[in-house]
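Have a look at the structure below before the remarks.
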Amino acid sequence: MSATAEANVWVTEDTGHRLLGQGVAHPASGRRGTVGAVLIYISKLTGRPVRKVAHMRPMDHSGREWTADPDTLQPLRQISPSAPDSGKRS
């Protein structure tokens with residue numbers, strides 16, 4: 001964003017975002033990472049969100065962090081289900 005655009009928005013962190021701290025896939029880049037933060041840019045004029053940006057940490061240990069639209073991220077699923085608890089409880 002340009003300096004002019006930055007002056008027209010407030011930036012706040014979405015500390016309750018459902019993907020925060022979760023492993024996700026970013027289909028647009030083909031990368032996988034952990035959501036470190038989600039920022040919301042709010043228009044000072046209207047008070048409405050104008051965009052959201054997820055800050056991603058790579059899972060491949062490349063050190064190349066990136067940003068993405070959080071609505072495009074897909075949570076990673078477990079490859080195999082957890083083993084059932086075979087112990088009996090009384």
| said: Checking Glu65 against (1) out of contact with any helix residue (DSSP H, G or I) (no Cβ under 8 Å at 6 or more places or on another chain); (2) open to solvent by less than 90 Å² (accessible area, probe 1.4 Å): exactly one of these is not met. Which one? | reply: (2)
| said: If a residue must be more than 16 Å from Leu73 (Cα to Cα) and among the β-branched types (Val, Ile, Thr), how many such residues does the range 48-57 contain? | reply: 1
| Hey, Gly23 exposed (fewer than 11 other Cβ atoms within 10 Å of the Cβ), under 16 Å from Leu73 (Cα atoms) and not acidic (Asp, Glu) or not | no
| Residue count, the range 26-56 (criterion: under 19 Å from Gly16 (Cβ atoms) and part of a strand (DSSP E or B)) | 16
| query | Of (1) surrounded by 10 or more Cβ atoms within 10 Å (Cβ to Cβ); (2) of a type in the set (Gly, Ala, Ser); (3) assigned to a loop (DSSP other than H, G, I, E, B), Gly16 satisfies all except one. Which? | reply | (1)
| note | When the range 57-73 is checked residue by residue, the ones that are without any contact (Cβ under 8 Å) to a residue 24 or more places away in the chain and assigned to a loop (DSSP other than H, G, I, E, B) are His61, Ser62, Gly63, Arg64, Asp69
| If the Cβ limit is 9 Å and pairs must be 6+ apart or interchain, which residue in the range 31-47 that is in contact (Cβ under 8 Å) with a residue 60 or more places away in the chain and more than 15 Å from Thr72 (Cβ to Cβ) pairs with which residue that is open to solvent by 40 Å² or more (accessible area, probe 1.4 Å) and of a type in the set (Val, Ile, Thr)? | none
| remark: Over the range 64-84, the set of residues modelled with pLDDT of 95 or more and of a type in the set (Ser, Thr, Tyr) is Thr67, Thr72
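The values are calculated or read from the model by the stated rules, or taken from the named source; none is laboratory data. These figures come from a predicted structure and were not determined experimentally. All Cβ positions, glycine included, derive from the backbone under ideal geometry; neighbour counts span all protein chains shown. Accessible surface areas use protein heavy atoms only, side chains included; no ligands, DNA or RNA. Shrake-Rupley method; radii C 1.70, N 1.55, O 1.52, S 1.80 Å.
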